[in-house]
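Each remark here refers to the structure printed beneath this line.
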2 protein chains.
Amino acid sequence: MSERRGYRSKAPTPALERLATYFAALSDLKRSHPETISSADIEERTGINAAQFRKDLSYFGEFGRPGIGYITDELQSRIARILNIEKIQPVLLVGTGNLGSALMGYPALRVGNFQIVAAFDNNRQKIGRRLWNLTVQDIADLTNANNDLHAKIAIITVPAASAQDVAEQLIQAGIRTILNFAPTALRLPPDVMVRNVDFMQELAVLSFHLPDNENH
Amino acid sequence: MSERRGYRSKAPTPALERLATYFAALSDLKRSHPETISSADIEERTGINAAQFRKDLSYFGEFGRPGIGYITDELQSRIARILNIEKIQPVLLVGTGNLGSALMGYPALRVGNFQIVAAFDNNRQKIGRRLWNLTVQDIADLTNANNDLHAKIAIITVPAASAQDVAEQLIQAGIRTILNFAPTALRLPPDVMVRNVDFMQELAVLSFHLPDNENH
DNA sequence: TAGATTGTTAATCGATTAACAATC
DNA sequence: TAGATTGTTAATCGATTAACAATC
């Protein structure tokens, strides 16, 4: 994970990441729907320290009642409000290769109210094809398509060599934040937030920590 | 990203993540193979501050020469050595759904010398099928298979409900570090390192930062 | 009231950045 | 020697943790 932002929020980014984790845990909990839940319960379910949880919430107000805990439903919906996911968030995806296609069909995104509403490619073979419930569109039609869709979030799953170019087109089309899977650094205006997901990087950190590595 | 470790290395985890980024950038650079490279050049290419780069290296010794910079090849191979990726690292994958399959065919993993050497599933429909260059094996054969393969790293791409169970089987089979794509917290012995990749979480942080969100 | 649990403060811990002496 | 660039120190900045008064 890495990111850039053009302004500063009080809450640390790790706190925001954990808020998403709390949200997912609460969604999961809904089946057994207990009326209330304590920070100790959250620690139990997420592995995140109870004090950390309370601190994370405190950036955004007061949520619980001393001696009681949190009303489960209310907690979940307030976290959704903070993360800006109460309503469905439309997301564009560019690059309909194996990874892009897998993300389009990834069920866990729905938990967070994210919906991939359009998929783009530059490959003639793929444009016009049906993929999941969408028709792959020509990348050249990006701006046109987003005039109607008004998506502000996009996912980039193109090869590294074309990622910068695609990112710039996305911004032209009104995108404000990007989840970038291409292993390359994007250079974009400071008001555009980028988060990078790099599988090789993740594996490298694991490899470093293997017991046979002398470099600890 | 998140993790657990049972011991402590001097280098901060963010430094290790950046080392992987430097490594990838150097691999990329190889085409134009300049003899030497400076920390300022690295900043140019990765967006990571030059002082940060030098600091990150300093956890592991001295690498460059004042007034000159770093010998490109040597820098790359020393970083590979630190990250424990000079030799091919065998990796197991469990869960051959869309995401698992996409990862098996993901070319960027080869840059880091990672090779998925076996794929497992519990679905009768999938076991025995050819996927990329591998035959999908029964999860029940995990330990047997890894007796030969000696992989220490595994990737989990199964549904959240079965992730804990799979993780425990992986540890039984000799796996020491896990890259977990299932959106659930794994409870494992402290000497097993886990890194979680959570797409919903990534999107949630982006959603939080959208200009229309009042909670900044 | 006694027990439980919050929200917040203060202390600790960790990571980044800037500056610069050392050195090629 | 003059210019470039490292490795490292010290200062700054940021995040986590523990403790506890407030409160249900």
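Give me the summed buried accessible area for the A-B pair, 1.4 Å probe, to the nearest 100 Å².
It comes to approximately 6200 Å² buried between A and B.
Return a single number: how many Lys pairs in chain A, at a sequence separation of 8 or more or on separate chains, have alpha-carbon atoms below 26 angstrom apart.
Pairs that pass both the separation and distance tests number 8.
Could you give the accessible area per residue of the range A:65-216, probe 1.4 Å, as a whole number in Å²?
With the other protein chains kept in place, the range A:65-216 gives 45 Å² per residue.
Measuring from centroid to centroid over Cα atoms, what is the spacing of the range B:52-105 and the range A:21-42 in Å?
Each part's Cα centre sits 39 Å from the other's.
Using only DSSP helix segments of four residues or longer, with each worth -39500 (n - 2.57), what per-residue ellipticity at 222 nm results for chain B after dividing by its residue count and rounding to 500?
-12000 deg cm²/dmol
With each label point set 7 Å from Cα along the Cα-Cβ vector, what nm distance links A:Asn122 and B:Ala50?
For A:Asn122 paired with B:Ala50, the spin-label model returns 3.2 nm.
Taking each label point as 7 Å beyond Cα in the direction of the beta carbon, state the distances from B:Ser58 to the same residue in the other copies, shortest first, in nm.
So the distances to the same position in the other copies read 3.3 nm.
Rounding to the nearest 10 and keeping the result within 0 to 90°, find how far the Cα-based axis of helix A:72-83 lies from the longest principal axis of chain A.
40
May I ask you to report, in nm to one decimal and beginning with the shortest, the distances from B:Arg81 to the same position in the other copies, taking label points 7 Å along Cα-to-Cβ?
Once sorted, the set of distances for B:Arg81 reads 5.7 nm.
Exposed loop sites here are GluC sites (Glu not before Pro) in DSSP loop states with at most 12 other C-beta atoms within 10 Å. What is the longest stretch of chain A lacking them?
The longest such stretch corresponds to A:63-213.
Using a 7 Å offset from Cα along the direction of the beta-carbon, what are the separations from B:Arg129 to the same position in each other copy, nm, ascending?
When each copy's label point is compared with this one, the spacings are 1.7 nm.
Can you pull the mean other chain C-beta count within 10 Å for peptide A:101-114?
Mean partner shielding for this stretch: 5.
Using θ = phi - 60° and the Karplus form 6.51 cos²θ - 1.76 cosθ + 1.60, what ³J(HN,Hα) does each residue of the range B:30-46 get, whole Hz, x for Gly and Pro?
In residue order, the calculated couplings are 3, 4, 8, 3, x, 4, 10, 8, 9, 4, 5, 4, 4, 4, 3, 8, 10 Hz.
Ignoring ligands, DNA and RNA, what percent of the accessible area of the range B:89-202 is carbon or sulfur (1.4 Å)?
Carbon and sulfur atoms account for 47 percent of the accessible area of the range B:89-202.
I want the local charge near B:Thr36. Using Cβ-Cβ distances under 13 Å, sum +1 for each Lys or Arg and -1 for each Asp or Glu among the other residues.
-3
Identify, among B:Ala185, B:Gln89, B:Asn49, the residue whose Cα sits farthest towards the positive end of the charge dipole of chain B, taking +1 on the Cβ of Lys and Arg and -1 on the Cβ of Asp and Glu, with the dipole about the Cα centre.
Of the listed residues, the answer is B:Gln89.
Could you size up the charge dipole of the protein assembly as shown around its Cα centre, putting +1 on the beta carbon of Lys and Arg and -1 on that of Asp and Glu, and report it in debye to the nearest 20?
80
Would you mind counting up the charge near A:Ala173? Only other residues with Cβ under 14 Å from its Cβ, with Lys and Arg at +1 and Asp and Glu at -1.
-3
Non-local amide H neighbours of B:Glu86 (under 5 Å, H modeled in plane, Pro and chain starts lacking H): which ones?
none
Hey, got a sec? Which trypsin sites (Lys or Arg not before Pro) in the range B:80-132 land in a DSSP loop and have at most 11 other Cβ atoms within 10 Å?
Hits after loop and neighbour filter: B:Lys87, B:Arg124.
The values are calculated or read from the model by the stated rules, or taken from the named source; none is laboratory data. Quantities reported herein were computed from a predicted structural model and do not represent experimental measurements. Methodologically, a virtual Cβ is constructed for each residue, glycine included, from the backbone with ideal geometry; neighbour enumeration extends over all protein chains shown. Surface accessibility is based on the protein's heavy atoms, side chains included, excluding ligands, DNA and RNA. Shrake-Rupley method; radii C 1.70, N 1.55, O 1.52, S 1.80 Å.
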